[in-house]
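*Asks:* Attaching a single structure in structure tokens format; questions to follow.
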Amino acid sequence: MSTTPFLRFLIAGRLTRDYVLLPKGPGTLDGPGGGALYAAAGVRVWAQDALGLIARVGREYPQAWLDAMGVRGYDTSGVLRLSQSVEDRYFVAYPDLETRQTTDPLAHFARLGVSVPPGLLGYESSAASADSRTQPQVLTIRSSDFPGDYLDASAAHLCPMDWMTHLLLPAALRQGHVQTVMVDASSSYMLPIFWDDLPKMVKGLTAFFVGEDDICNLFQGRSNDLWEMAEALAAYGCEIVVIKRGAQGQYVYQAAGKRRWVVPAYPARVMDLTGAGDAFCGGFLAGYQQYYQPLEAALCGNISASLVIEGSGPYYALDAMPGLAQARLEALRGMVRKV
């Protein structure tokens, strides 16, 4: 049983060992990261309700990091430690604040004149490939991975993961009391070959988040209009579709009434872009549970992301000055454009 029986939020995603190089030097060298932690931070900006993490980690994942999550108020009963090793390292370099590169770490460390950390030796970024439609992966989350009382939570968000996780986990969550389920799409299945499969995954979701490049990949040869793409995905039975556009903000589409909003990114002082998209989704989840209105949720997500990118690591935003998030939200509200 989990140590926090009355969870409000669930966040499912990856927990990684991060190596982040910023334009002028290291940001993180072997520190806790992953979509689940950044999304949880996005939630925490707006809500202090009990939050449970769902993830799979390898046998070497540091127990001290899981303990630190508990100190931050995250329930980790849903984190399953496997008996085998898994590749949980994540490398990203930012030659500048607009460019993200995840390959050839040796070259990036050499460029900065920084020694390669021993923990990164032998690292090779995984080649991009399409997910299997039928075979689970080692890190595919199963409904048996987490305590049964997690199904008493109110809302859940699934960070980018493999197809099988995103296809099966939402239905398992809805069999409990989890009525709000949101999914952040993965590049590994936002491909034309998944065109006929996507409707069964999107159906019934409260919100579906997708990056601009990924949705364009899916619709290549079918449409060049982002709003048309959002409407098509919503027609599969999803209440809200959000297209994440990086520094350009978000397009928010609500199926009911075919409402559209353009939300610009809050003009933050950017230091480290890692986790921005996940933090947006977490903030959106918390905002939606408070207001049940997609625009307000998007504003909350936007501000969560703005706080995360002004520092490094998944806990930076949690120490923001009291009142700062709300002040930014009020400022951003006036910049929204309804289409």
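All of the numbers you see were taken from the coordinates with simple rules; none came from a lab. Please read these numbers as outputs of a predicted model, since none were measured by experiment. As a convention, Cβ positions derive from the backbone with ideal geometry for all residues, glycine included, and neighbour counts pool all protein chains shown.
*Asks:* Throw me the Rg/Rh for the stretch 1-142, computed over C-alpha atoms with Kirkwood Rh, two decimals.
*Replies:* Value, to two decimals: 0.99.
*Asks:* Which Rg and Dmax, in Å, describe the Cα atoms of the stretch 237-303?
*Replies:* 11.7, 38
*Asks:* How large is the helix-only mean residue ellipticity at 222 nm for the chain, computed as the sum of -39500 (n - 2.57) over DSSP H runs with n ≥ 4, divided by its residue count, in deg cm²/dmol to the nearest 500? Display every interim value, and only then the final one.
*Replies:* On the way: 10 runs with 101 residues, N = 339.
Using -39500 (n - 2.57) per qualifying helix, the result is -9000 deg cm²/dmol.
*Asks:* If each of S126 and Q326 carries a label point 7 Å out from its Cα toward its Cβ, how far apart are those two points in nm?
*Replies:* Taking the two extended label points, one gets 4.2 nm.
*Asks:* When you have a sec, figure out the Kirkwood radius of the stretch 138-276 from all distinct Cα pair distances and drop it here in Å to one decimal? Walk me through the numbers on the way to the answer.
*Replies:* On the way: mean 1/r = 0.0629 Å⁻¹.
After inverting the mean inverse Cα-Cα distance, the result is 15.9 Å.
*Asks:* Computed from the mean reciprocal separation of all distinct C-alpha pairs, what Kirkwood hydrodynamic radius does the stretch 191-339 have, in Å?
*Replies:* Every distinct Cα pair counted, the radius reaches 15.7 Å.
*Asks:* Indicate, rounded to the nearest 5 percent, the antiparallel portion of the DSSP beta bridges found entirely in the stretch 178-335.
*Replies:* About 55 percent, rounded to the nearest 5.
*Asks:* If you don't mind, another one. Just to be sure I understand: with springs between alpha-carbon atoms less than 10 Å apart, which residue in V86, V20, V241 has the highest mean-square fluctuation in the Gaussian network model of the chain?
*Replies:* Greatest mean-square fluctuation among the candidates belongs to V86.
*Asks:* Give, in nm to one decimal, the length gained when the segment between V114 and D152 is fully stretched (0.36 nm per residue of separation minus the Cα-Cα distance).
*Replies:* Computed gain between V114 and D152 is 8.9 nm.
*Asks:* More than 30 Å apart: what percent of Cα pairs in the chain qualify?
*Replies:* 31
*Asks:* Can you pull the one-decimal nm distance between simple spin-label points at D319 and L106, each 7 Å off the Cα toward Cβ?
*Replies:* The two pseudo-label positions are separated by 3.6 nm.
*Asks:* Among A155, A50, A230, whose mean-square fluctuation peaks in a Gaussian network model of the chain (Cα, cutoff 10 Å)?
*Replies:* A50
*Asks:* Modelling each spin label as a point 7 Å along the Cα-to-Cβ direction, I'd like the L168/Q220 distance in nm, to one decimal.
*Replies:* Using points 7 Å along Cα→Cβ, the separation is 2.9 nm.
*Asks:* Where in the stretch 203-229 does the amide nitrogen come within less than 11 Å of the point 7 Å from the Cα of K258, taken along Cα to Cβ?
*Replies:* 228
*Asks:* Further question on the same structure: Count the net charge of all other residues whose Cβ sits under 14 Å from the Cβ of K338, scoring Lys and Arg as +1 and Asp and Glu as -1. Let's see the in-between values first.
*Replies:* Working: positive: K258, R259, R260, R333, R337; negative: E296.
Here the count lands on +4.
*Asks:* Hey, what did the stretch 82-151 get for relative contact order, percent, Cα under 8 Å, at least 6 apart?
*Replies:* 22
*Asks:* Here's something else I'd like to know. Given an 8 Å cut-off on Cα distances and at least 6 residues of separation, report the relative contact order of the stretch 1-68 as a percent.
*Replies:* 39
*Asks:* Note the full-extension length gain between E231 and R333 as 0.36 nm times their separation in residues minus their Cα-Cα distance, in nm to one decimal.
*Replies:* Here the segment from E231 to R333 would lengthen by 34.4 nm.
*Asks:* Another question about this same structure. At a Förster distance of 22 Å, what's the computed FRET efficiency of Q135 paired with R72, Cβ-Cβ distance as r, to 0.05?
*Replies:* Calculated transfer efficiency: 0.05.
*Asks:* For D145 and E310 in one chain, what is 0.36 nm times their gap in residues minus the Cα-Cα distance, to one decimal in nm?
*Replies:* 56.0 nm
*Asks:* Right, next: Please report V270, V57 as a ranked list, fewest other C-beta atoms within 10 angstrom at the top and most at the bottom.
*Replies:* V270, V57
*Asks:* Using alpha-carbon pairs under 8 Å, 6+ residues apart, how would you state the relative contact order of the chain in percent? Working shown, then result.
*Replies:* Values: 724 pairs, mean separation 62.6, N = 339.
Relative contact order comes out at 18 percent.
*Asks:* I've got another one for you. If you take every DSSP beta bridge fully contained in the chain, what fraction is antiparallel? Give it as a percent rounded to 5.
*Replies:* On the way: 21 of 52 bridges.
Roughly 40 percent of the beta bridges in the chain run antiparallel, per DSSP.
*Asks:* With loop defined by DSSP as not H, G, I, E or B, and exposure as at most 14 other Cβ atoms within 10 Å, which is the longest segment of the chain clear of exposed chymotrypsin sites (Phe, Trp or Tyr not before Pro)? Walk me through the numbers before you get to the answer.
*Replies:* Values: sites that count: F6, W195, Y292.
In the chain, the maximal stretch lacking such sites is 7-194.
*Asks:* What ranking do T16, T102, T134 get, fewest neighbouring Cβ atoms within 10 angstrom at the top? Walk me through the numbers before you get to the answer.
*Replies:* Details: T16 22, T102 13, T134 8.
Going from sparsest to densest Cβ surroundings: T134, T102, T16.
*Asks:* Counting Lys and Arg as +1 and Asp and Glu as -1, what is the net charge of the other residues whose Cβ lies under 14 Å from the Cβ of L97?
*Replies:* -1
*Asks:* In addition: Could you name the lysines in cross-link range of K203, using Cα to Cα under 22 Å and dropping any fewer than eight places away on the same chain?
*Replies:* Qualifying lysines at Cα under 22 Å: K244, K258.
*Asks:* Here is a follow-up. So which trypsin sites (Lys or Arg not before Pro) in the stretch 252-320 are both in a DSSP loop and have at most 13 other Cβ atoms within 10 Å of their Cβ? Display every interim value, and only then the final one.
*Replies:* Values: sites: K258, R259, R260, R269; in loops: R269.
Answer in residue order: R269.
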